[in-house]
Amino acid sequence: MSESPNVMTNEERVAYVQIKRKQTQFRDSMLAVSGIVFFFLLWEAIVLTGWVDSKKLCSVLEVFKLFILKFTDPNPDGAVLLVNVWSSLLIALSGFGLAIAIGIPLGWLMGWYKGFDAFMRPIFEIIRPIPPVSWIPLSIVWMGIGLKAKSFIVFFAAFVPCLINSYTGIRQTKEVLKNVGKTFGASNFTVFWKVGIPSSLTMTFAGIKVAIGNAWATLVAAEMLAASSGLGYMILMGRSYGRVDLVILGIVVIGVLGVLISAIITKFEDLLMGWKKL
Amino acid sequence: MEKVMSSNTVSHLSQAEKKQQRLEILYKILPVISVLLLISLWLFASKDYNPKIGSGFPTPAATWERAVKLFTRPVKKMNLIMHALISLRRIGFALAFNWTFGIAFGILIGWYAKPKAFFSPMFDAFRAVPPLAWIPLITLWFGIGEFPKILIVIFGSLASIVVNVRAGLSTVDVMYLNVGSVFNATPMQTLIKIAIPSSLDAIFAGVRTSTSAAWMVVLAAEMLGADSGVGFLISRGMDSIDMPLVLTGMIAIGIVGAILAILTQLAERLICPWTRKSK
């Protein structure tokens, strides 16, 4: 630090920059760790000093103990943790899969074919502003409180970002690329299939990521309003039995699973679109 | 060919241009057809609606009657407009907090390296939890009054604005910053005169998404336990098997949501006109 950079040789300067960068990285990761530690310490301190009622907050260790216990113990909500996780995943992934299978092709077609756009757009614009949560009563009337009704709600939540992103993605296809296709005598459909869709994939994947977040968030609401198992139901039961540890455990499990799912999608995106890294 | 040329007023147009014109007309007609189709679909779905026992999907007429009845015979002494205003007041308080605190916090963790490293893991963990999952915990802590509802909306829409502000401030073009240092800008000047203006569009994207998120969350919060607001109307309709009321609520929510989206878009155009996409 003390010596002026002017007297350094090139190699020294490179080494100096590298050391400096390592130091910053180390400092940042230390800060990150201390941030997390600080959070947990604060939590424990609040519990230990009895600053808030023990009915309203429990210690981190208790949540962890419950996590272990919940693998075998179905009380108090009537299902072990893995059953809850499975039933939530089933709903989220079925609704999400349906949204991808319908929303993305629809967005591509609307973005490419003007007539189709003119036809579908008004319908879409009428339905879009209605939040998915408010479909819950109707879907219960139509389909009961089974898997179908909840998947339908999740579908609605995931459908909109899928469609919007694949639509904007394909609308942003570069004219040059389209013209190259036309010059080589490709039909409109071939240009759509070979040029439009691949060039829209970046945007489409961004939409998929938003969609999975929405799907996962709406799932909780769907399960709170109508369910007999699942993570949202588990949280709600924890609330009605006054079991704060169960509520916190449910929130943590939902959060962790959400992060895992989006990490898997990012991996998949990297696999499918290797050219982006170049 | 000759006949067409002589009889048509647009005879000076070529074949391709005519085709183009026909398509334009078709594009004008198609939206009308699709809306009509949607309405007839509604009529078809509600054909075995029985208003006496409330089974089946309500007809448009029944929904309209219910909406009018809501003004003559209010639910909980409030008509539709008042319920909507109560919901809007809730998101108003929450958004006022989020737009001040959220933007400030986003700037803090987007611009300064040390707070970024310290707070980012905590914030990302907070963000990973779906907004609605906080509802049981917050009602456990604060009961079901007015304050916990506002708090739920704050929790639900805070993440979207902080994420956008953080992204905007951590991706400021290096060239702009270099210009600043060439002109000997102080760190404060660099932040206020360069970084924040250049990320205004990202900040506004955050304002837009947080508004729509808040509207969705307030609805869910009201459906889970409230005695006023549009979300309450829906859950009331569900409890008393009054499907026209549910549909009235849904349509009101859709309209208010659309108005909110348009208003934030207009505000964005006024405050940062350069973000408007060039065609």
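Among the candidates A:Q18, A:Q25, the residue that is within 14 Å of chain B (Cβ to nearest Cβ), on the phi < 0 side of the Ramachandran plot and loosely packed, with under 12 Cβ neighbours inside 10 Å is uniquely A:Q25.
Listed by first and then second residue, the pairs with beta-carbon distance under 8 Å, at least 6 apart or on different chains, first residue in segment B:139-152 and in the same structural domain as B:V218 (by TED's automatic domain parsing), second among the hydroxyl-bearing types (S, T, Y) and surrounded by 15 or more Cβ atoms within 10 Å (Cβ to Cβ), are B:P148/B:T139. Taking segment A:51-69 as the range and being basic (K, R) and either closer than 12 Å to A:V252 by Cβ or touching an Asp or Glu at 6+ places or on another chain (Cβ under 9 Å) (or both) as the test, only A:K65 passes.
Of the residues making up segment B:194-234, not one is at pLDDT 85 or above, more than 14 Å from chain A (Cβ to nearest Cβ) and closer than 13 Å to B:G249 by Cβ. Scanning segment B:235-250 for residues that are more than 8 Å from chain A (Cβ to nearest Cβ) and in a helix (DSSP H, G or I) gives B:R236, B:D239, B:P244, B:L245, B:T248.
So for segment B:239-249 (the condition being within 15 Å of the chain's Cα centre (by Cα) and under 30 Å from A:R239 (Cα atoms)), does at least one residue qualify?
no
For segment B:85-102, a tally of residues being in contact with a Gly (Cβ under 8 Å, 6 or more places away or on another chain) and free of Cβ contacts under 8 Å to residues at least 60 places away in the same chain returns 0. Of all residues in segment A:60-81, those satisfying the criterion of being assigned to a loop (DSSP other than H, G, I, E, B) and either at pLDDT 80 or above or among the aliphatic types (A, V, I, L, M) (or both) are A:A79, A:V80.
Each row is one residue, and each column tells you yes or no for (1) under 24 Å from B:L219 (Cβ atoms); (2) surrounded by fewer than 23 Cβ atoms within 10 Å (Cβ to Cβ); (3) in contact (Cβ under 8 Å) with a residue 40 or more places away in the chain.
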{"residue": "A:I208", "(1), (2), (3)": "no, no, yes"}
{"residue": "A:S229", "(1), (2), (3)": "no, yes, yes"}
{"residue": "A:M234", "(1), (2), (3)": "yes, no, yes"}
{"residue": "A:V247", "(1), (2), (3)": "yes, no, no"}
{"residue": "A:V256", "(1), (2), (3)": "no, yes, no"}
{"residue": "A:V259", "(1), (2), (3)": "no, yes, no"}
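Consider segment A:128-154 and keep the residues that are at the interface with chain B (Cβ under 7 Å from one of its Cβ atoms) and free of Cβ contacts under 8 Å to residues at least 12 places away in the same chain. The one that is farthest from B:S235 (Cα to Cα) is A:P129.
What do you reckon, is A:S240 without any contact (Cβ under 8 Å) to a residue 40 or more places away in the chain, within 11 Å of chain B (Cβ to nearest Cβ) and among the polar types (S, T, N, Q)? Yes; evaluated as a whole, the condition is true for this residue. A single entry from A:A215, A:A222 fulfils the requirement of being at pLDDT below 85, within 19 Å of A:I140 (Cα to Cα) and either more than 8 Å from chain B (Cβ to nearest Cβ) or over 17 Å from the mean Cα position of the chain (by Cα) (or both): A:A222.
For B:A104, the conditions (1) crowded, with 22+ Cβ neighbours inside 10 Å; (2) more than 8 Å from every other protein chain (Cβ to nearest Cβ) all hold with the exception of (1).
The values are calculated or read from the model by the stated rules, or taken from the named source; none is laboratory data. Only a predicted model underlies this, so the values are computations on that prediction, with no experimental measurement involved. Cβ atoms come from the backbone with ideal geometry, glycine included; neighbour counts cover every protein chain shown.
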